[in-house]
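Working notes for the structure below.
The values are calculated or read from the model by the stated rules, or taken from the named source; none is laboratory data. The model shown is predicted, which means the values in this text are computed figures rather than measured ones. Every residue, glycine as well, gets a Cβ built from its backbone with ideal geometry; the counts of neighbours run over all protein chains shown. The area values use the complete protein model at the heavy-atom level, side chains included, leaving out ligands, DNA and RNA. Shrake-Rupley method; radii C 1.70, N 1.55, O 1.52, S 1.80 Å.
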Amino acid sequence: FATKSGQPYTVTFLLSGNGACGPTVKTMSIIAARQFTTFTWDISNGNDAQHGVWLPESWVFKAHGPNTILQFKSKDSPGNCGPVVAAISVTPS
(Lines give C-alpha, C1' and ligand atoms only; values in the text may rest on other atoms or scores of the structure.)
Protein backbone atom coordinates (compact mmCIF):
# COMPACT_ATOMS: atom_id res chain seq x y z
CA PHE A 1 0.00 0.00 0.00
CA ALA A 2 1.09 3.61 -0.49
CA THR A 3 2.99 5.26 2.37
CA LYS A 4 5.01 8.41 2.97
CA SER A 5 8.63 7.87 3.98
CA GLY A 6 9.25 8.81 7.63
CA GLN A 7 5.50 8.82 8.47
CA PRO A 8 4.38 6.60 11.35
CA TYR A 9 1.38 4.33 10.69
CA THR A 10 -0.85 2.45 13.11
CA VAL A 11 -2.01 -1.06 12.25
CA THR A 12 -5.16 -2.11 14.11
CA PHE A 13 -6.78 -5.54 13.98
CA LEU A 14 -8.73 -8.12 15.94
CA LEU A 15 -6.70 -11.09 17.20
CA SER A 16 -7.82 -14.59 18.18
CA GLY A 17 -6.62 -18.14 17.71
CA ASN A 18 -7.81 -21.19 15.81
CA GLY A 19 -8.93 -23.63 18.51
CA ALA A 20 -9.30 -26.63 16.17
CA CYS A 21 -5.80 -27.93 16.96
CA GLY A 22 -2.52 -27.10 18.70
CA PRO A 23 -0.38 -25.50 19.72
CA THR A 24 -2.23 -24.05 22.71
CA VAL A 25 -0.32 -20.76 22.49
CA LYS A 26 -0.40 -19.26 19.00
CA THR A 27 2.43 -16.93 17.96
CA MET A 28 2.51 -14.47 15.07
CA SER A 29 4.73 -11.68 13.81
CA ILE A 30 3.65 -8.52 12.03
CA ILE A 31 6.27 -7.18 9.64
CA ALA A 32 6.40 -3.83 7.82
CA ALA A 33 9.20 -1.53 6.62
CA ARG A 34 11.99 -3.70 8.13
CA GLN A 35 10.30 -3.57 11.57
CA PHE A 36 8.36 -6.28 13.37
CA THR A 37 6.61 -7.22 16.57
CA THR A 38 5.25 -10.48 17.95
CA PHE A 39 1.83 -11.29 19.38
CA THR A 40 0.68 -14.44 21.20
CA TRP A 41 -2.77 -15.90 21.90
CA ASP A 42 -3.66 -18.72 24.33
CA ILE A 43 -6.66 -20.82 23.20
CA SER A 44 -7.12 -22.58 26.58
CA ASN A 45 -10.69 -23.01 27.88
CA GLY A 46 -12.40 -22.06 24.61
CA ASN A 47 -10.54 -18.75 24.30
CA ASP A 48 -10.63 -18.90 20.48
CA ALA A 49 -12.25 -17.60 17.30
CA GLN A 50 -14.67 -20.55 17.22
CA HIS A 51 -16.15 -19.26 20.50
CA GLY A 52 -16.19 -15.63 19.31
CA VAL A 53 -13.33 -14.47 21.54
CA TRP A 54 -11.33 -11.62 19.96
CA LEU A 55 -9.11 -8.85 21.31
CA PRO A 56 -8.36 -5.54 19.58
CA GLU A 57 -4.63 -5.02 19.02
CA SER A 58 -2.48 -2.30 17.47
CA TRP A 59 1.09 -1.69 16.38
CA VAL A 60 2.93 1.38 15.06
CA PHE A 61 5.67 1.33 12.42
CA LYS A 62 7.50 4.06 10.49
CA ALA A 63 7.42 3.90 6.68
CA HIS A 64 10.73 3.89 4.81
CA GLY A 65 9.46 4.56 1.30
CA PRO A 66 6.50 5.30 -0.98
CA ASN A 67 5.11 1.74 -0.63
CA THR A 68 5.01 -0.71 2.26
CA ILE A 69 4.28 -4.43 2.40
CA LEU A 70 2.46 -5.52 5.56
CA GLN A 71 2.78 -9.19 6.58
CA PHE A 72 1.02 -11.22 9.26
CA LYS A 73 3.12 -14.36 9.68
CA SER A 74 2.28 -17.34 11.88
CA LYS A 75 5.26 -18.69 13.82
CA ASP A 76 3.44 -21.96 14.59
CA SER A 77 4.50 -25.22 12.99
CA PRO A 78 2.66 -26.84 11.40
CA GLY A 79 0.72 -23.75 10.36
CA ASN A 80 -2.77 -25.29 10.09
CA CYS A 81 -4.28 -23.88 13.32
CA GLY A 82 -2.42 -20.68 14.11
CA PRO A 83 -3.46 -17.17 15.08
CA VAL A 84 -6.51 -15.59 13.46
CA VAL A 85 -6.77 -11.91 12.46
CA ALA A 86 -9.72 -9.84 11.24
CA ALA A 87 -10.76 -6.21 10.69
CA ILE A 88 -7.27 -5.06 9.65
CA SER A 89 -6.75 -1.34 9.08
CA VAL A 90 -3.73 0.93 8.60
CA THR A 91 -3.90 4.68 9.26
CA PRO A 92 -1.31 7.46 9.49
CA SER A 93 -0.43 8.14 13.14
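List the lysines whose alpha-carbon lies under 22 Å from that of residue 62, not counting same-chain residues fewer than 8 positions away?
Partners within reach: 4, 73.
Plugging the Kirkwood radius over Cα pairs into Stokes-Einstein for the range 30-93, at a temperature of 10 °C and a viscosity of 1.306 mPa s, what D comes out in µm²/s?
It comes out at roughly 116 µm²/s.
Give me the percent of accessible area attributable to carbon and sulfur for the chain, probe 1.4 angstrom.
That fraction is 54 percent.
What accessible area per residue, rounded to a whole number of Å², is obtained for the range 34-93 using a probe radius of 1.4 Å?
66
Run the dipole for the chain about the Cα centre, Lys and Arg Cβ at +1, Asp and Glu Cβ at -1, nothing else charged, and hand back the magnitude in debye, nearest 20.
Value, rounded to 20: 400 debye.
Take every Cα pair under 8 Å in the chain that's 6+ residues apart, average their separations, divide by the length, and report that relative contact order as a whole percent.
50
Net charge near residue 22, counting Lys/Arg +1 and Asp/Glu -1 over other residues with Cβ under 13 Å of its Cβ?
-2
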